[in-house]
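Engineer: To start, I am sharing the structure in question, which I have written as structure tokens.
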């Protein structure tokens, strides 16, 4: 899986830019980005691929926690936790913020899912510029 160079360091991200990223990510989710996706729960199964693409775009760290069904991946940007896929769960996540890696998150992502997510997010962000 390739890397996208961030347009700027995460410390330069404004709250509005992070909100735009959150919207772009959610609109990019589909069956092509994770096979667990459903119209009723579009965030389902999207944590790995989302955490990877977000880190590529804005930097920060990939973290994980185990909510009882396996590892759940998310990001820390500018020292703040950002879980773009928390909506997939019926109850709030009890985060333990265990440091993770791109390689660990990538273990559950196919090249096709990664490419679809990366393209979908970049395409939607370009519309906001």
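Engineer: Filter the stretch 77-99 down to the residues that are in contact with a strand residue (DSSP E or B) (Cβ under 6 Å, 6 or more places away or on another chain) and part of a loop (DSSP other than H, G, I, E, B), then identify the one that is farthest from residue 15 (Cα to Cα).
Structural biologist: Once the filter is applied, the top-ranked residue is 96.
Engineer: Quickly run through the stretch 44-70 and pick out the residues that are more than 23 Å from residue 32 (Cα to Cα), surrounded by fewer than 21 Cβ atoms within 10 Å (Cβ to Cβ) and in contact (Cβ under 8 Å) with a residue 40 or more places away in the chain.
Structural biologist: 59
Engineer: Which residue out of 44, 39 is more than 20 Å from residue 110 (Cβ to Cβ) and part of a loop (DSSP other than H, G, I, E, B)? Give the derivation first.
Structural biologist: Values: 44 fails: more than 20 Å from residue 110 (Cβ to Cβ).
Going through 44, 39 in turn, the sole match is 39.
Engineer: Continuing with the same structure: All but one of (1) within 18 Å of residue 126 (Cα to Cα); (2) modelled with pLDDT under 95 hold for residue 54; state the number of the condition that does not hold.
Structural biologist: (2)
Engineer: Scan the stretch 54-71 for residues that are outside any loop (DSSP other than H, G, I, E, B) and closer than 23 Å to residue 16 by Cβ and report the count.
Structural biologist: 6
Engineer: Right, here's the next one. On the given criteria, is residue 51 part of a loop (DSSP other than H, G, I, E, B), under 21 Å from residue 18 (Cβ atoms) and within 15 Å of the chain's Cα centre (by Cα)? Before the answer, list the steps.
Structural biologist: Details: part of a loop (DSSP other than H, G, I, E, B): no; under 21 Å from residue 18 (Cβ atoms): yes; within 15 Å of the chain's Cα centre (by Cα): yes.
Against the criterion (part of a loop (DSSP other than H, G, I, E, B), under 21 Å from residue 18 (Cβ atoms) and within 15 Å of the chain's Cα centre (by Cα)), residue 51 does not qualify.
Engineer: Also: Scan the stretch 71-129 residue by residue and report those that are surrounded by fewer than 17 Cβ atoms within 10 Å (Cβ to Cβ), under 13 Å from the mean Cα position of the chain (by Cα) and more than 17 Å from residue 52 (Cα to Cα).
Structural biologist: 87
Engineer: Can you tell me how many residues in the stretch 100-121 are outside any helix (DSSP H, G or I) and in contact with a strand residue (DSSP E or B) (Cβ under 9 Å, 6 or more places away or on another chain)?
Structural biologist: Qualifying residue count for the region: 3.
Engineer: What single numbered condition from (1) modelled with pLDDT under 95; (2) not in a helix (DSSP H, G or I) fails to hold for residue 74?
Structural biologist: (1)
Engineer: From (1) at pLDDT 95 or above; (2) in contact with a helix residue (DSSP H, G or I) (Cβ under 6 Å, 6 or more places away or on another chain); (3) surrounded by fewer than 16 Cβ atoms within 10 Å (Cβ to Cβ), pick out the condition that doesn't hold for residue 38.
Structural biologist: (2)
The values are calculated or read from the model by the stated rules, or taken from the named source; none is laboratory data. Source: prediction; values computed, not measured. Note that each Cβ is placed from the backbone with ideal geometry, even for glycine, and that neighbours are counted across all protein chains shown.
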